[in-house]
Amino acid sequence: MTNPVFKTFYNHRVFLIYHPDDYRNYLLGMVDQDSWPGSERFGLTLGLMAWGTILVYQSRLVPFDFNRRLKALVDANGAFLNQNPTLPMSRSLYRQQLAMQLGIEVITRERDVKERIEETPIFAQYIYDTLYLLSFYHERGTRELTLEGQHKPFAVTREGLRNHLWYRTKGDLNGKPRDPNVKPSESKTKPRDPKADPPADFVSPEIAEYLFKVLKRYMELLYYPTRISEETRTYASELPPADRRLWLALADAVDSQPLLNFSITSQETASVVSNT
Amino acid sequence: MPFSPACQEGPPVSVAYKLRESIAEPLSRQALQHMRALRDQDAPDLAFPHMKSDSLKRVVYELLRYCRGEIDGISVLISGQRGAGKTTLVKLAIQHVMQDSDGLIPLPLMLHGPTIIDPAAIPAAEKKASVAEQKPLAVAADGTPVVVVNTAPTPNETQQAAQADSDKKPKVPEEKERALRQIVTALYRSLSHAIYEAWLHAAAEAPQRRRTHRELLALRAHLDLRLERAPDPDVLRKIWERAGFLTCGVSFYLRPAKKNPVTKSCDRNSRPPAIAGHPSDQGLREIVALASCADAYRVIISKTQETLGRTQLSEYLQERKLSTPQGGDKKPEDGKAKSPAEKAAPPVLGVVSGTLGGLSANFESAALLAGLGTGLLVWLGSWMAMNYGVRTSRQEMRRELTMDIKWDIDRLERDLPMLLKRVKDAGFAPIFVLDELDKAEKATESLHNFLKLTKHIVTDHSAFMFLTNRDYYEDLISGEQLKVGSNQ
């Protein structure tokens with residue numbers, strides 16, 4: 001067997017993905033710090049880091065969305081609508097988002113995940129997409145509201161995870177919006193749409209299994225947020241002194257209240273209740 | 001009022017968080033203007049706080065090699081999810097290379113990918129042709145063009161239509177034709193724009209300039225208008241010559257102005273690098289590049305016809321002595337009418353000479369008659385000699401060679417590598433950016449079709465950047481894995 005024809009089309013292949021630190025550094029570069037008084041520099045930098053972390057979570061690591069959300073924070077002159085640097089670490093919603101983003105970063109710093117991310121850039125995209133799955137639940141509320149008007153926990157399965165990854169890959173399900181009038185029970189009986197459903201070679205079962213386990217580790221972190229603080233402090237201890245202080249202060253902003261409840265059923269389905 | 005970080009939610013006490021001003025998008029008008037202008041040392045620098053990754057460094061490294069001439073072509077696939085900043089990354093990389101390149105100047109050509117690779121992006125050919133063929137045949141009194149549509153074609157038109165139909169038969173695949181049209185258009189437009197921009201700085205800085213700054217700016221405006229119409233080399237040569245740029249050229253006045261750390265002043269290295277060519281014919285190379293691209297561009301904007309003619313004439317002269325009287329087909333010079341005096345001169349001379357010979361010998365009448373007879377004989381001999389003696393004949397062979405130069409899409413394909421070479425000779429390194437490829441129908445299939453047909457151009461002669469959605473990258477990876485695993 002020879003190499004496929006298309007293999008030699010490109011001398012170089014780049015898969016573009018930025019990591020959370022890139023976003024925070026970008027925000028620090030975007031804000032004019034020339035007029036900051038020396039005595040308040042630490043607090044202001046910390047506030048900006050917190051804003052950066054929250055915006056990363058809200059934008060799910062998409063630069064376009066990050067910029068859009070950043071522009072929503074400023075007025076016509078480019079000044080932040082909220083100038084208080086402690087706001088992102090004091091308002092409960094922001095603290096939750098801060099904790100959930102720091103939790104994601106704890107997972108991506110774990111050795112096995114880190115190695116895979118460094119080895120294959122597309123894998124980094126799968127990891128982040130998997131971890132941000134919970135952010136969609138977070139936005140939708142504590143439980144899922146069915147078309148029958150009942151509340152039930154969010155259910156995460158391996159197949160559901162693959163569908164989510166496929167949706168993130170295609171972005172818009174090939175231009176077909178989800179039909180809100182179709183009941184979930186009906187959609188199951190429908191024949192499979194080869195365009196809308198992930199093909200067999202998309203995210204193999206082994207990778208789906210691994211991603212599901214990573215997601216489970218993340219859910220455990222969110223159930224015990226103090227572990228997010230601890231892991232973040234451990235990470236901070238490895239940094240230069242100036243950065244260390246900032247990261248220790250960020251770790252302190254994480255609330256100890258569980259951010260979700262979850263259980264794994266006998267069918268290996270994670271049942272998730274978000275504590276928003 | 002001092003700022004207090006400890007205060008809780010409430011009205012802002014001071015503006016501490018404010019986005020920087022003077023943040024320009026890479027390759028924006030402001031960014032390019034700022035990079036190239038000779039600024040005061042106190043002028044603030046533009047900020048580019050864009051996200052930077054290892055991917056950016058890799059792309060910059062490869063493009064710098066391309067501009068230094070270490071590689072002739074490069075093709076880079078840049079994938080990422082929608083909104084990941086692929087276009088910004090490429091623009092930022094090109095801007096970095098513009099700033100740092102000591103070789104050729106990057107010439108970015110931003111192309112809309114779907115227009116090139118998506119068959120749905122092209123309207124029906126018939127519609128296009130009918131619109132194109134409606135040319136004004138007359139002009140009304142007020143100057144309005146009058147289009148006369150004659151539905152009954154003349155026999156000559158029918159023949160032309162048949163010829164046109166045969167010409168319409170696809171010689172170049174549709175994907176390739178679309179790509180060539182877009183690529184050549186972008187190449188000519190971008191080169192024209194870059195040289196127009198370079199003129200601005202050359203008009204102010206070039207030591208070889210011959211005219212006042214104001215005159216050079218007027219000449220630049222004239223150049224801009226002429227470039228719209230794909231000018232001939234003669235036109236360009238006159239403009240360059242009048243400005244004094246025929247040898248030094250203008251291209252490298254597009255290099256960035258850099259602050260000198262020692263003198264703290266801003267200066268520009270406008271000397272052409274060796275990789276472009278000899279410095280003393282830089283201007284000529286610019287004219288050659290512009291004129292070549294203009295020629296190719298003409299194929300796209302018009303139906304150009306060019307006929308080259310050459311005639312060879314050979315002439316043979318032959319002299320024959322003989323014997324048959326010449327016909328009436330004398331050459332004009334041979335058939336000139338002789339005057340009566342000329343016609344009468346030989347016989348009269350013969351008679352007179354014979355008579356005088358007879359008289360000198362004897363005055364008797366018999367002798368006189370003999371003399372007259374001798375004179376007549378001499379005349380008769382002269383006459384016969386003149387009409388039946390030497391004869392000149394002339395043969396001619398003519399050879400006319402006419403060439404109808406084909407200004408069609410095949411020409412674009414043949415000429416594109418040469419165009420790219422000449423653009424590089426002029427000092428520019430073309431970098432084609434095919435953006436929005438994921439917006440095309442059947443993006444993977446269309447892109448592969450395009451690449452199969454144009455790989456020799458894409459990878460060997462120029463830099464191409466393909467910007468695609470992440471699913472294309474995933475298809476590529478999984479396709480390789482499947483084939484490896486299944487022995488296909």
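Per the listing B:ALA218, B:ALA243, the residue uniquely touching a Leu at 6+ places or on another chain (Cβ under 7 Å) and at negative phi is B:ALA243. Residue count for the range A:225-268 satisfying the condition of being under 30 Å from A:GLU159 (Cα atoms) and crowded, with 17+ Cβ neighbours inside 10 Å: 5.
Counting the residues of the range B:33-64 that are under 22 Å from B:ALA203 (Cβ atoms) and either free of Cβ contacts under 8 Å to residues at least 12 places away in the same chain or not assigned by TED's automatic domain parsing to the domain that holds B:VAL90 (or both) gives 2.
Residues satisfying the criterion are present in the range B:42-58 (criterion: surrounded by 16 or more Cβ atoms within 10 Å (Cβ to Cβ), at the interface with chain A (Cβ under 7 Å from one of its Cβ atoms) and aliphatic (A, V, I, L, M)). A single member of B:LEU308, B:LEU216 is of a type outside the set (Asp, Glu), loosely packed, with under 13 Cβ neighbours inside 10 Å and either over 15 Å from the mean Cα position of the chain (by Cα) or under 16 Å from B:ILE105 (Cβ atoms) (or both), and it is B:LEU308.
Within 13 Å of chain A (Cβ to nearest Cβ) and over 17 Å from B:ILE275 (Cα atoms), is that true of B:PHE432? No; evaluated as a whole, the condition is false for this residue. Screening the candidates A:LEU73, A:LEU93, A:LEU102, A:LEU87 for the property of being over 18 Å from A:LEU211 (Cα atoms) and at pLDDT 95 or above yields one hit, A:LEU102.
Hey, could you check the range A:26-54 for residues that are of a type in the set (S, T, N, Q) and in contact with a helix residue (DSSP H, G or I) (Cβ under 8 Å, 6 or more places away or on another chain) and say which is nearest to B:SER55 (Cα to Cα)? So the residue we want is A:THR53. Taking the conditions exactly as written (facing chain A (nearest Cβ under 7 Å) and either polar (S, T, N, Q) or surrounded by 15 or more Cβ atoms within 10 Å (Cβ to Cβ) (or both)), does B:MET98 satisfy them or not? Spelling it out, it is not the case that B:MET98 is facing chain A (nearest Cβ under 7 Å) and either polar (S, T, N, Q) or surrounded by 15 or more Cβ atoms within 10 Å (Cβ to Cβ) (or both).
Among the residues in the range B:243-259, are any in the same structural domain as B:MET35 (by TED's automatic domain parsing), within 25 Å of B:PRO417 (Cα to Cα), assigned to a helix (DSSP H, G or I) and touching a Ser or Thr at 6+ places or on another chain (Cβ under 7 Å)? So far as the range B:243-259 goes, yes, one or more of its residues are in the same structural domain as B:MET35 (by TED's automatic domain parsing), within 25 Å of B:PRO417 (Cα to Cα), assigned to a helix (DSSP H, G or I) and touching a Ser or Thr at 6+ places or on another chain (Cβ under 7 Å). Looking across B:ALA221, B:ALA179, B:ALA204, one residue alone is part of a helix (DSSP H, G or I) and buried (at least 22 other Cβ atoms within 10 Å of the Cβ). It is B:ALA179. Applying the set (1) farther than 17 Å from A:ARG13 by Cα; (2) at pLDDT 80 or above; (3) at the interface with chain A (Cβ under 9 Å from one of its Cβ atoms) to B:VAL484 leaves exactly one unmet item: (2). Could you tell me whether the range B:274-285 includes any residue that is surrounded by 15 or more Cβ atoms within 10 Å (Cβ to Cβ), touching a residue at least 40 places away in the same chain (Cβ under 8 Å) and closer than 30 Å to B:ALA43 by Cβ? The answer is yes, given that some residue of the range B:274-285 is surrounded by 15 or more Cβ atoms within 10 Å (Cβ to Cβ), touching a residue at least 40 places away in the same chain (Cβ under 8 Å) and closer than 30 Å to B:ALA43 by Cβ.
For every residue, the table says whether it meets (1) in a helix (DSSP H, G or I); (2) in contact with a strand residue (DSSP E or B) (Cβ under 6 Å, 6 or more places away or on another chain); (3) surrounded by 20 or more Cβ atoms within 10 Å (Cβ to Cβ).
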residue	(1), (2), (3)
A:ASP112	yes, no, no
A:GLN125	yes, no, yes
A:PHE136	yes, no, no
A:LEU147	no, no, no
A:LEU161	yes, no, yes
A:TRP166	yes, no, no
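When we screen B:ARG20, B:ARG82 for residues that are over 16 Å from B:PHE428 (Cα atoms), within 8 Å of another protein chain (Cβ to nearest Cβ) and touching a Gly at 6+ places or on another chain (Cβ under 6 Å), the only hit is B:ARG82.
The values are calculated or read from the model by the stated rules, or taken from the named source; none is laboratory data. Just so it is clear, the model here is predicted, and its values are computed rather than measured. Here the Cβ is made from the backbone with ideal geometry for all residues, glycine too, and neighbour counts use every protein chain on show.
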